[in-house]
Amino acid sequence: MTKDDRSYNYITIHCQYEEGNYISLPELNKRFKEYLMVKYNLERIPRDSININSILAIDKRFVHRRVHICKHCHNIHLKGCCNNYNRIERTTSVRIINIGYKQQMDDHLHETLNQTCIALEDLKLENKQVRE
Ligand SMILES: [Zn+2]
């Protein structure tokens, strides 16, 4: 197993175990590249792809799976998944299963939210005073 620290770091910082949820590999790669660009101050999108073995090494419950997707309803391709189901009209998606993004707020958003809460509290207080 190759241990890729950047993939490992990205996943441990941004993702967590989440039963039944999944993230597609192309999406994970896109986010990983964005992360590398910010972290290393890169001007171009890096060629590096996320290392699947590194992801799987983080949590034994993460599963790497290739699934067939119905071209019509975009759910798992199963007989009768939708009215347009057709045996051959399917596409393939590679996913990591049982994974989700950690809820993260950047500082600016956090600040804005705090101010909004304070403003709301003030408003409630004012309303209360008016009524009394
Ligand atoms: Zn379908």
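FYI, it's all coordinate maths here, none of it is from the lab. Small disclaimer: the values here were computed from a predicted structure and weren't measured. All Cβ positions, glycine included, derive from the backbone under ideal geometry; neighbour counts span all protein chains shown.
Below is a table of values for the structure above.
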| quantity | calculated |
| --- | --- |
| Length gained when the stretch residue 68-residue 12 is fully extended (0.36 nm per residue, less Cα-Cα span) | 17.4 nm |
| Sparse-neighbourhood loop sites, trypsin sites (Lys or Arg not before Pro) in the stretch 20-80 - DSSP loop, at most 15 other Cβ within 10 angstrom | 44, 47, 60, 61, 71, 79 |
| Compactness index (Cα Rg / 2.2 N^0.38 Å), the stretch 1-55 | 1.13 |
| Separation in nanometres of the label points that stand 7 Å from Cα toward Cβ, at residue 21 and residue 86 | 3.5 nm |
| Largest-first principal axis extents, alpha carbons of the stretch 6-131, Å | 67, 45, 31 |
| Length released on extending from residue 128 to residue 31, taking residue separation times 0.36 nm less the Cα-Cα span | 30.3 nm |
